[in-house]
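Engineer: Sending over a structure as structure tokens; questions will come in a sec.
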Amino acid sequence: MAVASALNHRVDIGRLADTPELGDCVLPLKCPHGTCLGPFMARVIAVPGLAVRAYVAPPVQHLRNHGYDATLLQPPAWRGVDQDLALYGRRLAADIDNDGAPVDVLIGLSAGSQAAAVAASLTSLVSRLVLVSPTVDPAYRSMIKQLYVFVRGDPHDNSAFYHHVPDWSRAGIPRIFRGFASAIALHLEDIMPRVRADITIIHTEYDPLTTHAYAAQLAEMGQGF
């Protein structure tokens, strides 16, 4: 399994368009499935973090601008969307299977990594699972610590907290709290051994919820490389 560490505290998933290390499925060079009649463009699905979505829209648009079939899903805990990450993942796997088209790259960010991992563990149609800042490190599995990180925000960007407010308002505090409880209860280390896709773990230099040691542990548990 591949493990990548970013030097910056932010990760732009749009840079996947320029990352050959993630394999042939990520590059629009040839069809790895042997079924394409024309130029192959990878199908990418991104699962954003808990109750936040706007920050992922620009890099997903970047992928689209490069010709990728990229979809940004609604985040867990928005009204009308599952706040239970395991249920979100099961529904996503069912949607992928019902659609029947292979997913070349399934990306999960923060708490979305847990939902994406559940989905990848239940369908054989995902070729690669990319987990960006996967949660939740065992050291942070308490509601108090989750709330502390939530309220503190990103010390590298004091405006980030306010930028998320419009997204958070589409969930509401009770749904966000229930999402936190779901994230604490759902352990990635129990899911990873069941994932058949190749796996890449991306761990940032600044990550308030995931230590490098936990990211490395997850990297050793999957069936991919």
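The values are calculated or read from the model by the stated rules, or taken from the named source; none is laboratory data. Not measured: the values here are computed from a predicted model. Because the Cβ atoms are built from the backbone with ideal geometry, glycine has one as well, and the counts that use them run over all protein chains shown.
Engineer: Being in contact with a strand residue (DSSP E or B) (Cβ under 8 Å, 6 or more places away or on another chain), farther than 30 Å from PHE150 by Cβ and either aliphatic (A, V, I, L, M) or not in a loop (DSSP other than H, G, I, E, B) (or both): is that true of ASP104 here? Walk me through how you get there before you give the answer.
Structural biologist: Values: in contact with a strand residue (DSSP E or B) (Cβ under 8 Å, 6 or more places away or on another chain): yes; farther than 30 Å from PHE150 by Cβ: yes; either aliphatic (A, V, I, L, M) or not in a loop (DSSP other than H, G, I, E, B) (or both): yes.
It is true that ASP104 is in contact with a strand residue (DSSP E or B) (Cβ under 8 Å, 6 or more places away or on another chain), farther than 30 Å from PHE150 by Cβ and either aliphatic (A, V, I, L, M) or not in a loop (DSSP other than H, G, I, E, B) (or both).
Engineer: Could I ask something else about it? Does LEU73 qualify as being at pLDDT 95 or above, within 11 Å of the chain's Cα centre (by Cα) and surrounded by fewer than 24 Cβ atoms within 10 Å (Cβ to Cβ)?
Structural biologist: yes
Engineer: Just to be sure before I move on: is GLN83 crowded, with 17+ Cβ neighbours inside 10 Å and part of a loop (DSSP other than H, G, I, E, B) in the structure I sent?
Structural biologist: yes
Engineer: Within the range 146-155, is even one residue polar (S, T, N, Q) and surrounded by fewer than 19 Cβ atoms within 10 Å (Cβ to Cβ)?
Structural biologist: no
Engineer: Just give me the residues in the range 173-225 being over 22 Å from GLN146 (Cα atoms), in a helix (DSSP H, G or I) and aliphatic (A, V, I, L, M), in sequence order.
Structural biologist: Applying the first criterion (over 22 Å from GLN146 (Cα atoms)) to the range 173-225 yields 192-200, 219-225.
Now restrict to residues that are in a helix (DSSP H, G or I): 192-194, 219.
Residues satisfying the conditions are MET192, ALA219.
Engineer: Got at least one residue in the range 36-52 being assigned to a helix (DSSP H, G or I) and modelled with pLDDT of 95 or more? Break it down into steps so the answer makes sense when it comes.
Structural biologist: First, the residues of the range 36-52 that are assigned to a helix (DSSP H, G or I): none.
Scanning the range 36-52 turns up no residue that is assigned to a helix (DSSP H, G or I) and modelled with pLDDT of 95 or more.
Matching residues to (1) over 22 Å from PRO76 (Cα atoms); (2) at pLDDT below 85; (3) hydrophobic (A, V, I, L, M, F, W, C); (4) within 18 Å of the chain's Cα centre (by Cα):
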position: VAL149; (1), (2), (3), (4): no, yes, yes, no
position: ILE191; (1), (2), (3), (4): no, no, yes, yes
position: ALA197; (1), (2), (3), (4): yes, no, yes, yes
position: ILE201; (1), (2), (3), (4): no, no, yes, yes
position: TYR206; (1), (2), (3), (4): yes, yes, no, yes
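Engineer: Which condition from (1) of a type outside the set (S, T, N, Q); (2) at pLDDT 95 or above; (3) more than 17 Å from ALA215 (Cα to Cα) is the one that VAL130 breaks?
Structural biologist: (3)
Engineer: Given ALA111, ALA119, which one is in contact with a strand residue (DSSP E or B) (Cβ under 8 Å, 6 or more places away or on another chain) and within 14 Å of TYR88 (Cα to Cα)?
Structural biologist: Working: ALA111 fails: in contact with a strand residue (DSSP E or B) (Cβ under 8 Å, 6 or more places away or on another chain).
After applying the criteria, what remains is ALA119.
Engineer: Of all residues in the range 161-197, which are among the acidic types (Asp, Glu) and farther than 28 Å from PRO102 by Cα?
Structural biologist: ASP167
Engineer: Could I ask something else about it? Based on this model, can you work out whether ALA117 counts as surrounded by 24 or more Cβ atoms within 10 Å (Cβ to Cβ) and without any contact (Cβ under 8 Å) to a residue 40 or more places away in the chain?
Structural biologist: Against the criterion (surrounded by 24 or more Cβ atoms within 10 Å (Cβ to Cβ) and without any contact (Cβ under 8 Å) to a residue 40 or more places away in the chain), ALA117 does not qualify.
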